[in-house]
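One structure is given here, and the rest of the page talks about it.
Only the coordinates and a few stated rules stand behind these numbers; no lab work does. It should be emphasised that the depicted structure is a prediction, and the values quoted were computed from it without experimental measurement. Because the Cβ atoms are built from the backbone with ideal geometry, glycine has one as well, and the counts that use them run over all protein chains shown.
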Amino acid sequence: MTDVIADAGKRPGEDDIEASRAPLIDHLIELRSRLIKSMVAFIVLFFICFAGAKYIYNVLVMPYVWAVGGPEKARLIYTAPLEYLFTQIKIAAFGAGFFAFPVIATQVYKFVAPGLYKNERDAFRPYLFATPVFFVLGAAMVFFFAMPVLMQFSLGMQQAASIDQAGIELLPKVSEYLALIMTLIFAFGISFQLPVVLTLLGQAGIIDSQFLKDKRRYAIVFVFVVAAVLTPPDVISQLMLAIPMILLYELSVFSVRYVENKRAAKKAAEDAAG
């Protein structure tokens, strides 16, 4: 009888956690295993990306090529003997981090999942897949829109030489161009996680759709502050990040409302069944 009462007081899925409990040393061993697998994935992909660094850079430089009107008109320079080598190393690290993210995220999830209830694991799993999807969307926004517009604007500031003025020509350095596009990709990729984060908070009951509506004006100010911090110090980059973030905020309102409606429907079904 006592066992029945004790079992009745348990939360759903608590047996799963009890079954997965292990001594601290076992958790540390598992953590080491997950870290090693993540590190191995990063190192292997680093060498693969380094072998193809020139090809990756040629892909990243395409927005500049589009802006100038073709590869025959695109010129980039480096002014230090080893600058292009270090640029390729940065490309390899950038590519390894990008392509290794699914492996790293999977290892993190497998380490954390045993400590979650089954319903919590089911609720968290969609966000694990949504995170890289929205990051790729942000990177695509940079590649196909933000960088071409920024390069076109920069090229428009060139000055032709004449008898009374010097010629001013844009000759991007390979390292500075890479730093710019990497900064924008990370800024847009992280900022595009806004719907994922807000929907997850809505799923946890921390915020609701009405809260997001009421705080919209503050959110807009916050978005412009974030855009100013994450992007280079030019108005064009800041606007190209701020405007999509505002649209994503509005998308989050609908996403959180969907979660609320789904939760309400589930509660109504449970009440009807009970």
*asked:* At 7 Å along Cα-to-Cβ for each site, give me the label-to-label distance between residue 254 and residue 90 in nm.
replied: 3.8
*Applying the Karplus parametrisation 6.51 cos²θ - 1.76 cosθ + 1.60 with θ = phi - 60° to the phi angles of the range 226-236, what ³J(HN,Hα) value in whole Hz is obtained for each residue in order, glycine and proline being reported as x?*
4, 4, 5, 7, 7, 9, x, x, 9, 5, 4
*With the dipole of the chain worked out from charges on the C-beta (+1 for Lys and Arg, -1 for Asp and Glu) around the Cα centre, which of 206, 141, 189 lies farthest toward the positive end?*
141
_Eigenvalues of the Cα gyration tensor times 5, then square-rooted: what semi-axes does that give for the range 67-135, in whole angstrom, largest first?_
41, 16, 6
*In whole Hz, with x marking every Gly and Pro, tabulate ³J(HN,Hα) for the range 207-213 from phi via Karplus 6.51 cos²θ - 1.76 cosθ + 1.60, θ = phi - 60°.*
10, 9, 5, 5, 4, 5, 5
*asked:* Given a 10 angstrom Cα cut-off, can you work out which residue in 142, 196, 259 is the most mobile in a GNM of the chain?
replied: 259
*Give the share of C-alpha pairs in each 5 angstrom bin for the chain, from 0 to the last occupied bin, in whole percents, shortest bins first.*
1, 5, 9, 11, 12, 13, 12, 10, 9, 6, 4, 3, 2, 1, 1, 0, 0, 0, 0, 0, 0
*What's the longest bit of the chain with no exposed trypsin sites (Lys or Arg not before Pro), using DSSP loop states and at most 12 other Cβ atoms within 10 Å as the test?*
76-274
_Roughly how far apart, in whole Å, are the Cα centres of the range 121-137 and the range 49-63?_
27
*asked:* Just to be sure I understand the model, the point goes 7 Å from the Cα along the line to the Cβ. What's the resulting residue 272 to residue 213 distance in nm?
replied: 2.5
*Amide H neighbours of residue 173 under 5 Å, counting only residues 5+ apart in sequence or on other chains, H built in-plane at 1.01 Å?*
77
_Pick from 67, 179, 160 the residue whose mean-square fluctuation is largest in a GNM of the chain, springs joining Cα atoms under 10 Å._
160
*Two-site FRET efficiency, residue 25 against residue 161, from Cβ-Cβ distance with R₀ of 51 Å, rounded to 0.05*: 0.10
*If only Cα atoms are counted, what is the Rg of the range 122-204, and what is its Dmax, in Å?*
19.4, 71
*Net charge of neighbours whose Cβ lies under 12 Å from the Cβ of residue 31, counting Lys and Arg as +1 and Asp and Glu as -1*: +2
*R0 = 45 Å: FRET efficiency of residue 68 with residue 197, Cβ-based, nearest 0.05?*
0.75
*Using only Cα atoms, locate the centre of the range 67-94 and the centre of the range 183-238, then give the distance between them in Å, rounded to an integer.*
32
*Scanning the chain for GluC sites (Glu not before Pro) in DSSP loops with at most 14 other Cβ atoms within 10 Å, what's the longest stretch left with none?*
170-274
